[in-house]
1. Compute and list, largest first, the equivalent-ellipsoid semi-axes of the stretch 96-231 from the alpha carbon gyration tensor, each √(5λ) rounded to a whole angstrom.
2. Could you sort D415, D331 by their accessible area in this structure, using a 1.4 Å probe and putting the largest first?
3. Can you work out the accessible area per residue across the chain, with the rest of the protein chains kept in place, probe 1.4 Å, in square angstrom?
4. Stokes-Einstein at 10 °C, 1.306 mPa s, Kirkwood radius from Cα pairs: D for the chain in µm² s⁻¹?
5. Based on a Kirkwood Rh over C-alpha pairs, give the Stokes-Einstein translational diffusion coefficient of the stretch 16-56 at 25 °C and viscosity 0.890 mPa s in µm²/s.
6. Using the Cα atoms of the stretch 367-419 to build a convex hull, what is its mean projected area in square nanometres?
7. Tell me the mean residue ellipticity at 222 nm calculated for the chain from its helices only (DSSP H runs of n ≥ 4, each -39500 (n - 2.57), averaged over every residue, nearest 500).
8. Taking every pair of distinct Cα atoms and averaging 1/r, then inverting, what Kirkwood hydrodynamic radius in Å comes out for the stretch 346-455?
Amino acid sequence: MEPYRIKVVEPIPVTTRQQREEALKRVHYNLFDLRAEEVTIDLLTDSGTGALSAAQQAAGMAGDESYSGSRSFYRFHETVTELTGYSHILPAHQGRAAERVLFNTLLEPGKLVLANTHFDTTRANVELSGAEARDLPCPEARDLDSTHPFKGNIDLEELRRTLTGPDGSRVAVVLLTITNNGGGGQPVSMENIKQTSALCRAHGVPFFLDAARFAENAWLVTRHEPGYQDRTPRQVAEEAFRLTDGCVMSAKKDGIVHIGGFIGLNDGELAQRCELLLIATEGFATYGGLAGRDLDMMAQGLKEVTEPSYLAERADIATHLANRVRSAGVDILEPPGLHALYLNAGRLFPHIPAHHYPGHALACQLYLEGGIRSAELGSLYLGEEDEEGNPTKSAPYELVRLALPRRVYTRSHYDHVGETLEKIVKNAGSVHGFRITEQSPILRHFRATLVPVPVTG
Ligand code: F0G
């Protein structure tokens with residue numbers, strides 16, 4: 001059961017099918033353009049959408065809004081230092097701000113960043129600095145149905161080969177994203193973190209974590225990794241941070257705050273250079289684009305997030321939804337993680353070709369049938385077309401992500417998701433695909449407009 005009770009509630013909008021049909025037409029079938037008040041259950045992201053605890057709100061009230069050297073900064077600094085052990089902590093307003101400051105300082109054209117999988121803003125920030133972002137996911141990650149417990153691992157053989165090969169001298173950073181959001185929210189094992197750490201040390205390459213979901217990763221380590229069953233998630237997280245040279249953190253996930261993030265570093269000279277860019281573009285080094293109250297709420301959230309009772313319930317509710325989804329007849333990327341489930345839309349709609357976007361078709365059906373908002377992670381997100389609109393590249397899989405906001409929805413909300421999927425599965429053969437009518441040159445899924453393509457045959 002939930003290790004909390006509800007003190008403040010927010011009504012959720014309930015709409016009719018006809019209203020949703022009209023809303024979809026109005027936004028040209030782009031779910032990003034819906035107004036939140038048109039969405040009943042919003043599973044678009046787990047980022048910045050969690051519920052604050054009473055203790056976090058109280059911490060926020062105690063926030064010190066001094067421009068520099070606030071008490072809030074020192075409380076935040078102490079909490080993050082205890083958790084991570086890094087010598088230098090720089091607050092930033094969110095994960096991508098931390099990425100921009102770090103990568104602009106550390107990288108330059110010609111350099112190479114190796115990761116298990118870069119999250120899309122991480123990749124964008126690496127590329128904006130002129131460097132190359134290369135993903136080296138482990139081979140198990142390619143099999144969506146495999147229940148291997150650590151499909152978020154980096155491919156250590158590939159990593160060794162790259163570090164010792166002709167590209168070795170170009171490698172500026174090795175980055176492990178825990179859990180691996182771009183790879184289905186799968187965790188990285190401590191063994192993989194240790195071996196990566198040893199390889200990086202041997203080659204003199206800095207090793208960083210993208211720690212957005214560090215506590216969820218630690219929980220899965222305590223569940224599935226030999227030798228870690230008797231450790232607390234907090235102990236595992238502390239050990240993971242200490243195997244690295246630094247981290248970038250979006251606290252909108254495992255800080256359970258609406259806004260916040262930080263950079264952690266051991267290299268004093270690098271920290272000084274990052275600090276200058278931070279001051280010029282985010283804010284002074286003791287607030288980094290945040291209010292004092294945000295720093296205090298983040299510090300409190302970072303303490304709550306490693307509580308075993310909180311993580312156990314989060315895992316349990318994800319398993320509950322996974323079971324509902326499977327029994328509705330929809331396959332998911334196995335095994336289910338904690339922050340999201342990834343539905344295999346390609347398998348559900350074999351009659352919809354990749355260039356008619358089966359994932360987008362499922363996301364639109366989830367909205368139409370149940371008022372549920374999700375995120376397509378298939379060919380609309382990753383595919384490309386030439387100027388005449390002919391498909392030139394499709395995604396390896398057609399997925400839809402149901403992200404689970406922290407402490408927000410209950411099991412009966414997720415039962416509604418299961419029931420909606422049951423309805424969709426019954427008429428799966430009649431679900432139609434889409435065609436893009438307008439798109440932007442980059443990040444097209446945010447701004448594309450689409451029209452339905454009727455089912456033929
Ligand atoms: N790294 C990871 C692994 C992420 O999942 C995200 C954001 C970021 C970095 C960037 O952090 O949003 O605070 O700037 N992921 C969100 C998502 C947006 O929906 O998965 P941010």
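The values are calculated or read from the model by the stated rules, or taken from the named source; none is laboratory data. Worth saying up front: this structure is predicted, and the values here are computed from it rather than measured. Counting neighbours? That spans all protein chains shown, and the Cβs are built from the backbone with ideal geometry, glycine included. Areas reflect the complete protein model, heavy atoms only, side chains present, ligands, DNA and RNA absent. Shrake-Rupley method; radii C 1.70, N 1.55, O 1.52, S 1.80 Å.
1. For the stretch 96-231, the ellipsoid semi-axes come out as 25, 16, 14 Å.
2. D331, D415
3. Per-residue value: 42 Å².
4. The calculation lands on 70 µm²/s.
5. 204 µm²/s
6. 5.2 nm²
7. -12500 deg cm²/dmol, from helical runs alone.
8. 14.6 Å
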